[in-house]
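Okay, structure first, notes after.
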Amino acid sequence: MIDFKKMQTTECLLDKKAYFSENLLEDPHFLKATEGKSLVLVTDETVASLYPLFLKYDSITFPAGEKHKTRKTKETIENALLKKGAGRETVLIAFGGGVVTDLVGFVAATYMRGIPYLSVPTTLLGMVDASIGGKTGVNVKEGKNLIGATHLPQALFIDFSFLKTLPEKELLSGTAEVIKHGLIAKKSLLRETSLEKMVRESYTIKSDIVEKDLKESGERRILNFGHTIGHALEGIEEYAITHGEAVAIGMVVESFLSYKLGTLKIEDFETVYQLIRERGFPLKISHKVTVERMKKWMKCDKKSENGVPRFVTLSALGKVERHGGAYCTTVPKPLIDETLGWMIDALSS
Ligand SMILES: NC(=O)c1ccc[n+]([C@@H]2O[C@H](COP(=O)([O-])OP(=O)(O)OC[C@H]3O[C@@H](n4cnc5c(N)ncnc54)[C@H](O)[C@@H]3O)[C@@H](O)[C@H]2O)c1
């Protein structure tokens, strides 16, 4: 009999293959992983223009930005692969930020019923979060990441030097997920300023959680702290704000909710709010954000059950509520209204 549980664990361990370097093209692990392979590198146009040396690989590029993380772009990449005659032996290199690794990972999950890929994140957000754990997918008009697959890369290569060209706004965006890791698992990370430590510690925290719950049936949900609100905001604002900016607001609001639910002390909520403000997140929402629109988007959140949204809540800084093993909870309607009303009053620009 096939032991699926064991298979899942083995597959999960593959994700432990993360290699850290300062010059990927000379990194012996990367050279070994790519040597003699039939490779196709997929990236966005911005990364392609910044790192032309990587175009020595057979390459496919697509326009940068969240609005291109769609089924249409996936199809364009697949058509380009078919045209090149890429087969089951092909190994894709997902080279870019979270948009690229999510999209290329999803292409790899379904092309020829699944081919291997190597993940090479080039943004802080990609290094601390998006490239870890094998979640891949695209956005649709109904919501973020609603179509996708779990497909782990063969290996993950983190080259810190890519961060040197990253604009401030994008660095800040990645910091949001680092703060999230601090809030859900390790308080000391909240004050960390070294980018390298942020990346290494985030990798350890996230991969440990993913290893326990690859398919997100329980504990992995804690990585979604701040995202029920955050994803809704991104959608309503039509991706005019970065993922990190949206998650930063989401963490403030979901900490407020944790306080209102009685699980988080008011001082801890105030610390979260102050910390996120001090880091320089805009914490502003536009007139497009209304209580009704938020509720509509949150219905489609992937933690929702029968259209009722569920939230990850904090019990202290660095600790989440278990909610009986579900790691998220529904919230009485009046409290949702109160929380969204508070958000709109406090953050409307
Ligand atoms: N799969 C997961 O577990 C997971 C987790 C968190 C976030 N995500 C997804 O990640 C995405 C956001 O990722 P992101 O913030 O990296 O966005 P992104 O991929 O759009 O990158 C942001 C911008 O930075 C540019 N860029 C990339 N690398 C650069 C570099 N080294 N120098 C200069 N510019 C560079 C890109 O071209 C883009 O314009 C979202 O779609 C989100 O849903 C996925």
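The values are calculated or read from the model by the stated rules, or taken from the named source; none is laboratory data. Just so you know, these numbers come straight off a predicted model, no measurement behind them. Every residue, glycine as well, gets a Cβ built from its backbone with ideal geometry; the counts of neighbours run over all protein chains shown.
Kindly list the number of the only condition in (1) modelled with pLDDT of 95 or more; (2) more than 10 Å from the ligand (Cβ to nearest atom); (3) not assigned by TED's automatic domain parsing to the domain that holds Ile276 that fails for Pro121.
So the condition that Pro121 fails would be (2).
Can you tell me how many residues within region 93-118 are more than 15 Å from the ligand (Cβ to nearest atom) and farther than 19 Å from Ser207 by Cβ?
6
Could you go through region 150-161 and let me know if any residue there is near the ligand (Cβ under 8 Å from one of its atoms) and in contact (Cβ under 8 Å) with a residue 24 or more places away in the chain.
no
For Thr90, all conditions in the list (1) within 15 Å of the ligand (Cβ to nearest atom); (2) more than 13 Å from the chain's Cα centre (by Cα) hold save one; what is the number of the exception?
For Thr90, the exception is condition (1).
Matching residues to (1) assigned by TED's automatic domain parsing to the domain that holds Gly250; (2) modelled with pLDDT under 95; (3) part of a loop (DSSP other than H, G, I, E, B):
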{"position": "Lys303", "(1), (2), (3)": "yes, yes, yes"}
{"position": "Tyr327", "(1), (2), (3)": "yes, no, yes"}
{"position": "Ile336", "(1), (2), (3)": "yes, no, no"}
{"position": "Thr339", "(1), (2), (3)": "yes, no, no"}
{"position": "Met343", "(1), (2), (3)": "yes, no, no"}
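Among the residues of region 267-326, which ones are farther than 26 Å from Ser202 by Cβ, touching a Gly at 6+ places or on another chain (Cβ under 8 Å) and surrounded by fewer than 17 Cβ atoms within 10 Å (Cβ to Cβ)?
Of everything in region 267-326, those that are farther than 26 Å from Ser202 by Cβ, touching a Gly at 6+ places or on another chain (Cβ under 8 Å) and surrounded by fewer than 17 Cβ atoms within 10 Å (Cβ to Cβ) turn out to be Val291, Lys299.
Would a scan of region 137-147 turn up a residue that is more than 13 Å from the ligand (Cβ to nearest atom) and farther than 30 Å from Asp268 by Cβ?
Yes; the residues of region 137-147 include at least one that is more than 13 Å from the ligand (Cβ to nearest atom) and farther than 30 Å from Asp268 by Cβ.
Filter region 79-112 down to the residues that are in a strand (DSSP E or B), out of contact with any Asp or Glu (no Cβ under 7 Å at 6 or more places or on another chain) and among the small types (Gly, Ala, Ser) and list them by number.
Ala94
Just the residues that are outside any helix (DSSP H, G or I), within 12 Å of Thr165 (Cβ to Cβ) and near the ligand (Cβ under 7 Å from one of its atoms), please, taken from region 39-54.
Those that are outside any helix (DSSP H, G or I), within 12 Å of Thr165 (Cβ to Cβ) and near the ligand (Cβ under 7 Å from one of its atoms): none in region 39-54.
Restricting to region 196-252, name every residue that is more than 11 Å from the ligand (Cβ to nearest atom), within 15 Å of Asp301 (Cα to Cα) and touching a His at 6+ places or on another chain (Cβ under 7 Å).
Gly250
Listed here are the residues, each with its yes/no results for (1) in a helix (DSSP H, G or I); (2) under 20 Å from Thr136 (Cβ atoms); (3) in contact with a strand residue (DSSP E or B) (Cβ under 8 Å, 6 or more places away or on another chain).
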position	(1), (2), (3)
Ser217	no, yes, no
Gly230	yes, yes, no
Tyr239	no, yes, no
Glu245	yes, no, no
Ile249	yes, no, yes
Val252	yes, no, no
Ser258	yes, no, yes
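Among the candidates Leu183, Leu146, Leu189, Leu152, single out the residue that is under 15 Å from the mean Cα position of the chain (by Cα), at negative phi and not in a strand (DSSP E or B).
The match here is Leu152.
Quick check, is Ala64 closer than 28 Å to Glu196 by Cα, in a loop (DSSP other than H, G, I, E, B) and either without any contact (Cβ under 8 Å) to a residue 24 or more places away in the chain or not acidic (Asp, Glu) (or both)?
Yes: the conditions hold for Ala64.
Mind checking which residues of region 163-184 are near the ligand (Cβ under 10 Å from one of its atoms) and free of Cβ contacts under 8 Å to residues at least 60 places away in the same chain?
Correct list: Leu163, Lys164, Leu166, Pro167, Leu171.
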